[in-house]
Amino acid sequence: MKIAASSIMREIDKYCIETLKIPGIVLMENAALKIIKNIDLKNCKSFSIICGSGNNGGDGFAVARHLFVLGKKVDVFLVGSEDNMSTDCKVNYTALKNLGVAINKVSNVEDLSELREAVLRCEITIDAIFGTGLKRNIEGIYDLVISVMNENSKFILSIDVPSGFNSDTGKVLGNCIKAHKTVTFQLYKRGFLNYGSDRYTGEVAVEAIGIPEFAVDKFHDNEFIVEKYMLKEKIKVRDKYSHKGDFGKILIAAGSRGFTGAAYIAAEAAVKSGAGLVTLACSRDIQDVLSSKLVEAMTVNYEDKDRLKDIITKCDCIAVGPGLGNNEDTFHLLQFILENAACPVVIDADGINVLKDKLFVLKNRKHKIIITPHPGEMSRITGFTAGDINENRIEIAKNFAKEHGIIVLLKGYNTVITDGEKVFINPTGNSSMASGGMGDCLTGIITSFIAQGYKELEAVYMAAFVHGYAGEMLSENLFCVSASSIIESLSEIIKELQR
């Protein structure tokens, strides 16, 4: 599924209308028909359609026309002036009037009582006031209309985006429709990805309206939502002649006194997600503990630099950070690994924390670097507040990845994965997974997938999807899902996705 900002949608529409000569009124009619498709016509008889004077309002007038022809009871309202109508909106407005449908004007406080009564008695309220182009705050009569709709509607369906919702940022522009369902057109809107956006969008359905795929690709900015079919296409079938050397050699530098769990989880996740050979590098004082816990993975003391360097040079992927501690020793270990590695390096947890004011170590590396911060860790290394990061997740992650030539996986609701050029949003996972060790588990899966030969960016978004999907499946029967539960399910989950 492709994601788009409002500017991209405008370019696509303009190209279709001006270059391909697809009339805007045709796209509007297609949009109206897709709205009708998303309505339970069998059980719903009465509708209130509230329209603005732009193209979103034109969609609403076209929907009202179809509902009227189908014999439904429709109350139609225009908020705004006929004089300011877009050309295509005026066509559908006029057609509806010519059918004998009364269109009520809402221009002052006195008009609101009739709107309130209509909304109260109908089964579905259709919001067609503002579309994706809105950037200013809702004020005056529009503010009052939206409040009346929110307070009195049984069910609200918004066309393209809820009116008052910034489709790029997900911010509320003063006041906003709280839709139960939003039917959006052609591409998923970027603002729908933000924290709390579902309180305004409700369920989101994406419908094609006759725009050719090549027209979308001409302007689309390489932003995607990861979907299940993508993993089915990507997960490799294991050749019957393959052996452990074919599935990658991994080194995971992790763990310290009191934090052996992080090291264990990362190593076990790598093993259970299919890595061929896994070695855990840890401090001498916890090596015996971890050696006794890890059955399929080997251990090494990272203080033995000669032995460590020999292993590093033979690896297909290295992870560093979980449970190491935010201290100078961790920074020096990270620097040692980066200077000696000839393979991709995944940096997580304290490996990220020690980068504060030391981002120079990421520069000019021949091998790919992947960092996997949560918003707090991203805040430490970028200087942005966690609040700023959560409000601008895609831009901040994308710009940071591009500036440093790395891959960023920014954790959280709708995890962002980007190399600075392409962006993938992972939709899987839920709050049942909110427990310690989840990040360490994800690090192990990412490292494993890279070592198995997947390209770095695809390995990262595949790992994120698998990790979250496993949590979703387990949460159907478990109140809370631990990292250990995820690890035990990995092999089965990957096999299911492969099928």
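The values are calculated or read from the model by the stated rules, or taken from the named source; none is laboratory data. Being a predicted model, the structure only gives us computed values, none of them experimental. Every residue, glycine as well, gets a Cβ built from its backbone with ideal geometry; the counts of neighbours run over all protein chains shown.
Structural remarks
- Some residue of the range 234-254 being assigned to a loop (DSSP other than H, G, I, E, B), of a type in the set (Val, Ile, Thr) and assigned by TED's automatic domain parsing to the domain that holds Arg10: no
- The set of residues from the range 231-242 being touching a residue at least 12 places away in the same chain (Cβ under 8 Å) and not β-branched (Val, Ile, Thr) comprises Leu231, Lys232, Lys234, Lys236.
- Candidate set from the range 115-138 (those that are free of Cβ contacts under 8 Å to residues at least 40 places away in the same chain and within 26 Å of the chain's Cα centre (by Cα)); member that is nearest to Ile39 (Cα to Cα): Leu134
- Among the residues of the range 87-112, the ones that are at pLDDT below 95 and not charged (D, E, K, R) come to 3 in all.
- Yes/no for Ser163 being among the polar types (S, T, N, Q) and in contact with a strand residue (DSSP E or B) (Cβ under 8 Å, 6 or more places away or on another chain): yes
- Which listed residue is buried (at least 20 other Cβ atoms within 10 Å of the Cβ) and over 26 Å from Ile493 (Cα atoms), from Thr279, Thr299: Thr299
- Members of the range 316-329 found to be crowded, with 21+ Cβ neighbours inside 10 Å and either without any contact (Cβ under 8 Å) to a residue 12 or more places away in the chain or out of contact with any Ser or Thr (no Cβ under 8 Å at 6 or more places or on another chain) (or both), listed by number: Asp316, Val320
- Residues satisfying the stated conditions in the range 267-300, i.e. in contact (Cβ under 8 Å) with a residue 40 or more places away in the chain and touching a Cys at 6+ places or on another chain (Cβ under 6 Å): Ala269
- Scanning the range 339-358 for residues that are on the phi > 0 side of the Ramachandran plot and without any contact (Cβ under 8 Å) to a residue 60 or more places away in the chain yields a single hit, Asp357.
- Of the residues in the range 473-486, not one is in contact with a Phe, Trp or Tyr (Cβ under 8 Å, 6 or more places away or on another chain) and either assigned by TED's automatic domain parsing to the domain that holds Gly248 or part of a helix (DSSP H, G or I) (or both).
- Condition check for Lys105: touching a Leu at 6+ places or on another chain (Cβ under 6 Å), more than 30 Å from Ala5 (Cα to Cα) and among the charged types (D, E, K, R): yes
- Spans of strands (runs of 3 or more DSSP E) in the range 135-232 with at least 3 residues basic (Lys, Arg), outside the structural domain of Ile394 (by TED's automatic domain parsing) and at pLDDT 95 or above: none
- Of the numbered criteria (1) touching a strand residue (DSSP E or B) at 6+ places or on another chain (Cβ under 8 Å); (2) of a type in the set (A, V, I, L, M, F, W, C); (3) buried (at least 21 other Cβ atoms within 10 Å of the Cβ), the one Ala62 fails is (1).
- Subset of the range 101-115 (residues that are within 14 Å of Val148 (Cα to Cα) and surrounded by 15 or more Cβ atoms within 10 Å (Cβ to Cβ)): Val106, Asp111, Leu112, Leu115
- Checked against (1) of a type outside the set (Val, Ile, Thr); (2) touching a residue at least 12 places away in the same chain (Cβ under 8 Å); (3) out of contact with any helix residue (DSSP H, G or I) (no Cβ under 9 Å at 6 or more places or on another chain), Lys455 meets all criteria but (2).
- Only one of the numbered conditions (1) over 26 Å from Thr260 (Cα atoms); (2) out of contact with any Asp or Glu (no Cβ under 6 Å at 6 or more places or on another chain); (3) not hydroxyl-bearing (Ser, Thr, Tyr) is not met by Ala401, and that is (2).
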